[in-house]
């Protein structure tokens, strides 16, 4: 097979030089590696939770809520209400919260009981 039939003499020689340079860098300096990013693991974490709260919850207020179905001592988070004033439930009320970035936000709350 004739060399350079498809690439041409200049492109073939430049390609060979580039490969030689890269191969030389690999053996000379080597590559450094880093741990893989944890983006996949982060995306697997729950960003939606069911929780309970007490007292009225006004728009813009931050409230500490208790995560339901999460055992252990670290089962509270602070969530911000951005959308609607929530009246105080009798006792504690259920709510749904969602995480955006590192912050939790109220997305739904029990506001009353249908009769």
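Which condition breaks for residue 90 when tested against (1) closer than 16 Å to residue 50 by Cβ; (2) out of contact with any strand residue (DSSP E or B) (no Cβ under 9 Å at 6 or more places or on another chain)?
Checking residue 90 against (1) closer than 16 Å to residue 50 by Cβ; (2) out of contact with any strand residue (DSSP E or B) (no Cβ under 9 Å at 6 or more places or on another chain), the one that fails is (1).
What are the pairs with Cβ atoms under 6 angstrom where one residue, in segment 46-61, is free of Cβ contacts under 8 Å to residues at least 40 places away in the same chain and the other, located anywhere, is surrounded by 12 or more Cβ atoms within 10 Å (Cβ to Cβ) and assigned to a strand (DSSP E or B)? Sequence gap at least six, or different chains.
Cβ pairs passing all conditions: 54/92.
The numbers here are math on the coordinates, done by the rules we state, and not lab data. Everything quoted here is computed from the prediction, not taken from an experiment. Note: ideal-geometry Cβ built from the backbone for every residue, glycine included; neighbour counts use all protein chains shown.
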